[in-house]
1. Could you run the Karplus curve 6.51 cos²θ - 1.76 cosθ + 1.60 with θ = phi - 60° over the range 54-71 and give me ³J(HN,Hα) per residue in whole Hz, x for Gly and Pro?
2. Distance between the C-alpha centers of the range 16-32 and the range 65-97? Whole Å please.
3. Can you put VAL261, VAL166, VAL131, VAL235 in order, fewest other beta carbons within 10 Å first?
4. Roughly what % antiparallel, to the nearest 5, for the DSSP beta bridges in the chain?
5. So what's the gap between the Cα centers of the range 126-143 and the range 188-263, to the nearest angstrom?
6. Can you work out the Karplus-derived ³J(HN,Hα) for every residue in the range 135-141? Use 6.51 cos²θ - 1.76 cosθ + 1.60 with θ = phi - 60°, whole Hz, and x for glycine or proline.
7. Provide the per-residue ³J(HN,Hα) series for the range 98-107, in order, calculated from phi with Karplus coefficients 6.51, -1.76, 1.60 and θ = phi - 60°, each as a whole number of Hz, with x at glycine and proline positions.
8. Roughly how many nanometres apart are two label points built 7 Å out from the Cα toward the Cβ at ARG238 and GLU108?
Amino acid sequence: MRGSKSPEDWEDLSDWYDKKQGESGDLWHRALIDPVLLKLIGDCKGSEVLDLGCGNGYLARRLARTGARVTAVDSSSRMIRNARAHDPEDALKVRYVHSDASRLVGVEDASFDLVFANMSLMDIEDAGGAVGEVGRVLRRGGRFVASICHPCFDTCSNSGWVAEKVGFEPARVYRRVRGYRTPFSEGVPWRLGTGGRKFTRSFHRPLSWYARVLRAGGLAITALEEPEPSEEFLVREREKEGDLDGAGFLEVPLHLVVEAVKP
Ligand SMILES: C[S@@+](CC[C@H](N)C(=O)[O-])C[C@H]1O[C@@H](n2cnc3c(N)ncnc32)[C@H](O)[C@@H]1O
């Protein structure tokens, strides 16, 4: 693995991540990724829904509030403990499960109408196994909706924004990408408010890899969306001096949301 030599586990970052996400998601989730994910998820009132790599479970609870019957899985026991703490009376009846997404022990075949994975597939070591499990636990006609770092434009530290200033023209923003074809894992840095940084492990896989594992899991791709920044996102990004995400996202997406169906 490249980058950090000893990345933290999500277990060690779970309290920080819980605060960051709260009950509505951080800026990147709330104002960029989630609107597209939720649009594809659609109305799931009365449906059996599985949240794969649920983190603090804010989206699991959001869907439960709309009437879905939700199971939320994460491999970090502390994430699951924090998620449960958001609903101490169990009013929403979310079933929180501590499990690796690639081995959903005790989860019956064909028991879900919808599985979603919000920004978790890149962090799952055996993501191919996890997609295989999605294919197993979905009912016929059931759907899988997943948001991921865009495999073409966000190849971890092999990618970044480049600004070019020519004469009096406004700066042009480009995305540079290298090493796209080769899968690898590396420590991804998170800025911790206190000024410190911690790393979690992330896996780059090319777009064709995702298409192949979905097919191998018996799933057919039915939609691909590339989230555009909302006004809220752009305003907040412009406040950060020298940050190119806002300007860049208007031209190049760093996230991809996939919908696939089990025919
Ligand atoms: C970037 S966080 C996303 C969490 C949440 N879906 C969200 O959007 O806030 C990635 C999550 O994937 C979980 N994860 C990593 N590997 C996993 C695995 N093998 N099985 C289940 N969950 C896993 C981590 O514990 C973490 O909660």
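Bear in mind these aren't lab numbers, they're just calculated from the coordinates by the rules spelled out. None of these values were measured; they are calculated from a predicted model. Every residue, glycine as well, gets a Cβ built from its backbone with ideal geometry; the counts of neighbours run over all protein chains shown.
1. 6, x, 7, x, 5, 6, 4, 5, 4, 6, 4, 5, 8, x, 7, 9, 10, 10
2. Cα centres, the range 16-32 to the range 65-97: 16 Å.
3. Going from sparsest to densest Cβ surroundings: VAL166, VAL235, VAL261, VAL131.
4. Percent antiparallel among DSSP bridges in the chain is about 60.
5. Cα centroid to Cα centroid, the span is 21 Å.
6. With the stated coefficients, the range 135-141 comes to x, 6, 8, 7, 6, 4, x Hz.
7. 8, 7, 6, 5, 8, 9, 8, 4, x, 8
8. 5.4 nm
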